[in-house]
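Asks: Got a structure for you, questions after.
The values are calculated or read from the model by the stated rules, or taken from the named source; none is laboratory data. Just so it is clear, the model here is predicted, and its values are computed rather than measured. A quick note on method: Cβ atoms are made from the backbone with ideal geometry, for glycine too, and the neighbour counts reach across all protein chains shown.
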Amino acid sequence: MVKVFVILSGIGDKPCALLGGETPLEAAETQNLDYISSNGNSGYIYALNAQVSPKSDESLMALLGYDPHQHYTGGGPLAAYGSGFNYKDGWLALKTNFSTIENKKIIERRAGRSLTTKEAVELAEDINKKLKFEVPFIFMPTVGHEGFLVFRENLSANISNMDPAYRKVGKFGVTFSPDVNIVQKCRALDPDQKTKLAARLVNEFAVKSHKILECHEVNEKRKKKYLLPANVVIPRDAGNSLPNLEKKKNWAAVISTANSVAISKLAGMNVLNNFYRKAESTDIFENVYDSLDRQISDAKTALKNKTFENLFVYFNQADICGMENRPGEKKKVIEIIDKKFINFLLDIAGVEIVAAGDHSTPCEMKARTSNPVPVVHYGKGKSDEVQRFTEKECINGGYRKIIGKDLLNVVGFTANKMHVNVV
């Protein structure tokens, strides 16, 4: 028997006129997810709480049973570690986006999601070669527009985000959608000299790298192809240590992002696939469907060669569709996962499945929100009346409301199951 925990990142949404007033999840043909809903027990999740719009790494940590308020240390170190960089505690690390600005105004936070890995590597090479600071640094792209920046010296991470879409609240970067679309100045959030130095270095990096990127040959070629230039790097989610997570036994993972690699490894899981897919096309959805097909294939192979008791599978493709306001593509991604993966799971004798969202990413908002997301648990009988895996139906599920960190205990996916009250 095997237990499979599937996270569908960004699965939650709002009714959409393009889909007849339904959410992508409601509009999708999901006979397999609906089957496990009609034969299992459902509920709804707030990853952190009903007030916070969490990022994916914070949500993921919570759903794996770790309280982010105790363990989360910032997205930067996770991005670096998950990408294979030899990160050391104390070093200041930040997540980055290649973005597009015009007259200091942010035109596109992700450079149109059309940046190829080849282009990103070439841009990063020039930045690393031409920039010098009083503290040694490394800037590395990961997939598409994403990357990370590390200053290799003990520095404070108590600094603000430059990206106005993510407000710094304590140690969390909380999704925020203000009217501000100007790159923010990085500010020291305490008077310590190491904090002031950290903020100054981040600001200098953003300004100096912009000068290199503005007229870079890669961007000149992109403009000739009517593609947005990747002419600025926007850092955020600073951290200076990796979280110390209690190790899980007999878990493996098939995942799709640097941060999910990091959290899975720090949790003691055996990561079975190489998430580091090259973005070879300037068409974002060619890359989305390619990564989805590869990930499903990797997960199926893992289950056929089973050497674990619990498999964690993290899909982020629906989240990308939500961030890009593409409800039709989000519906299609959901249908592919249902037909090619959930259907495969149902052919495994004695399988136990938990499928859940991590946060809501409504297409019309192009951002993550605090709205609850559905969860279903299949393989341990049926005691509620839910028939479909949708946002509305799961509200009436027998598990009712679950806070993310309690999920695995509530459904009994942990060896040391505790009694947790559901409300």
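Asks: Just to be sure I understand, how many residues within the stretch 349-371 are over 17 Å from Asn316 (Cα atoms), touching a helix residue (DSSP H, G or I) at 6+ places or on another chain (Cβ under 9 Å) and at pLDDT below 95?
Replies: Of the residues in that region, 3 qualify.
To keep it simple, each residue is scored yes or no on (1) closer than 15 Å to Asn371 by Cβ; (2) of a type in the set (Val, Ile, Thr); (3) not assigned by TED's automatic domain parsing to the domain that holds Gly404.
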site	(1), (2), (3)
Pro24	yes, no, no
Tyr35	no, no, no
Gly40	no, no, no
Ile45	yes, yes, no
Pro54	yes, no, no
Ser59	yes, no, no
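Asks: Another question, then. If you check Ala299 against the conditions, is it of a type outside the set (Phe, Trp, Tyr), over 24 Å from Glu391 (Cβ atoms) and out of contact with any Ser or Thr (no Cβ under 6 Å at 6 or more places or on another chain)? Let's see the steps before the verdict.
Replies: Numbers: of a type outside the set (Phe, Trp, Tyr): yes; over 24 Å from Glu391 (Cβ atoms): yes; out of contact with any Ser or Thr (no Cβ under 6 Å at 6 or more places or on another chain): yes.
Judged against the criteria, Ala299 is a match.
Asks: Which of the strands (runs of 3 or more DSSP E) contained wholly in the stretch 225-317 include at least 1 residues that are modelled with pLDDT of 90 or more, out of contact with any Lys or Arg (no Cβ under 8 Å at 6 or more places or on another chain) and small (Gly, Ala, Ser)?
Replies: Details: elements: 232-239, 251-254, 310-315.
The qualifying strands (runs of 3 or more DSSP E) are 232-239, 251-254.
Asks: Follow-up. Please enumerate the residues belonging to the stretch 118-149 that are surrounded by fewer than 22 Cβ atoms within 10 Å (Cβ to Cβ) and over 16 Å from Leu213 (Cα atoms).
Replies: Once the filter is applied, which keeps residues that are surrounded by fewer than 22 Cβ atoms within 10 Å (Cβ to Cβ) and over 16 Å from Leu213 (Cα atoms), the stretch 118-149 yields Phe133, Glu134, Val135, Pro136, Phe137, Ile138, Val143.
Asks: Given Asn343, Asn316, which one is buried (at least 19 other Cβ atoms within 10 Å of the Cβ) and touching a residue at least 12 places away in the same chain (Cβ under 8 Å)? Before the answer, list the steps.
Replies: Working: Asn343 fails: buried (at least 19 other Cβ atoms within 10 Å of the Cβ).
Of Asn343, Asn316, the one residue that is buried (at least 19 other Cβ atoms within 10 Å of the Cβ) and touching a residue at least 12 places away in the same chain (Cβ under 8 Å) is Asn316.
Yes/no matrix, rows are residues, columns are (1) crowded, with 17+ Cβ neighbours inside 10 Å; (2) touching a Cys at 6+ places or on another chain (Cβ under 8 Å); (3) farther than 19 Å from Lys95 by Cα:
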position: Tyr226; (1), (2), (3): no, no, yes
position: Ile234; (1), (2), (3): yes, no, no
position: Val254; (1), (2), (3): yes, no, yes
position: Ala258; (1), (2), (3): yes, no, no
position: Val271; (1), (2), (3): yes, no, yes
position: Asn274; (1), (2), (3): no, no, yes
position: Val288; (1), (2), (3): yes, yes, yes
position: Ser297; (1), (2), (3): no, no, yes
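Asks: Pull up the stretch 158-167, narrow it to residues that are surrounded by 20 or more Cβ atoms within 10 Å (Cβ to Cβ) and closer than 26 Å to Thr361 by Cβ, then point me to the one that is modelled with the lowest pLDDT.
Replies: Tyr166
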